[in-house]
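The values are calculated or read from the model by the stated rules, or taken from the named source; none is laboratory data. Note that this is a predicted model, so its numbers are computed, not measured. All Cβ positions, even for glycine, are placed from backbone atoms using ideal geometry, and neighbour counts span all protein chains on display.
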Amino acid sequence: MNFVKSYHHVALFVQDSEKSLNFYKGLGGKIVFSFPMSDDNSKTIYLVNLGGDAVIEIVPRGTGEAESNARWAHIALATDDARAAYDFALSKGAKSKIAPQDIMLGTKAVCNAFVFGYDGESIEFFQEK
């Protein structure tokens with residue numbers, strides 16, 4: 001069974017959201033969605049469409065961690081069933097990062113789950129409701 005419909009987005013941890021947002025907008029990107037960070041409502045997460053299926057999620061550092069350089073946070077894969085995709089990934093050797101959860105991202109209802117792949121990469125299964 002194929003659980004993944006397509007790539008949804010790649011998340012990038014950034015030091016300065018405004019500078020990063022202006023950079024990607026300067027490349028022709030358009031903000032398609034934004035929502036406040038769950039752990040710091042004074043910061044906003046942005047999804048920027050660079051054209052076609054190329055979507056970048058701009059994630060400001062909200063955990064208080066020192067971050068000298070930006071880095072990719074995770075890849076999100078669109079699916080019709082985040083729970084089944086998560087369970088399947090675990091059955092194939094992935095390690096759980098965040099169990100499936102129904103959440104609101106701003107005004108968007110989603111179910112998402114995170115696993116670590118074989119090389120420690122973070123993968124999000126992203127189901128829009």
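Worth pointing out:
- Of the residues making up segment 104-129, those that are surrounded by fewer than 12 Cβ atoms within 10 Å (Cβ to Cβ), out of contact with any Pro (no Cβ under 8 Å at 6 or more places or on another chain) and more than 19 Å from S6 (Cα to Cα) are M104, T107, Y118, D119, G120.
- Summed over segment 13-46, residues that are surrounded by 13 or more Cβ atoms within 10 Å (Cβ to Cβ) and under 30 Å from S91 (Cβ atoms) total 1.
- Scanning segment 79-95 for residues that are in contact with a strand residue (DSSP E or B) (Cβ under 6 Å, 6 or more places away or on another chain) and under 14 Å from G120 (Cα atoms) yields A89, A94, K95.
To keep it simple, each residue is scored yes or no on (1) more than 22 Å from A82 (Cα to Cα); (2) assigned to a loop (DSSP other than H, G, I, E, B); (3) touching a residue at least 12 places away in the same chain (Cβ under 8 Å); (4) aliphatic (A, V, I, L, M).
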| position | (1), (2), (3), (4) |
| --- | --- |
| Y7 | no, no, yes, no |
| A11 | no, no, yes, yes |
| L21 | yes, no, yes, yes |
| G28 | yes, yes, yes, no |
| I31 | yes, no, yes, yes |
| S34 | no, no, yes, no |
| S42 | yes, yes, no, no |
| V48 | yes, no, yes, yes |
| G52 | yes, yes, no, no |
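- Picking from residues in segment 81-103 that are outside any strand (DSSP E or B) and of a type in the set (D, E), the one that is surrounded by the most Cβ atoms within 10 Å (Cβ to Cβ) is D87.
- Residue, modelled with the lowest pLDDT, within segment 83-129, restricted to residues that are under 24 Å from R71 (Cβ atoms) and among the aromatic types (F, W, Y): Y118
- Leading residue by the ranking (surrounded by the most Cβ atoms within 10 Å (Cβ to Cβ)) among those in segment 47-58 that are at pLDDT 90 or above and not β-branched (V, I, T): L47
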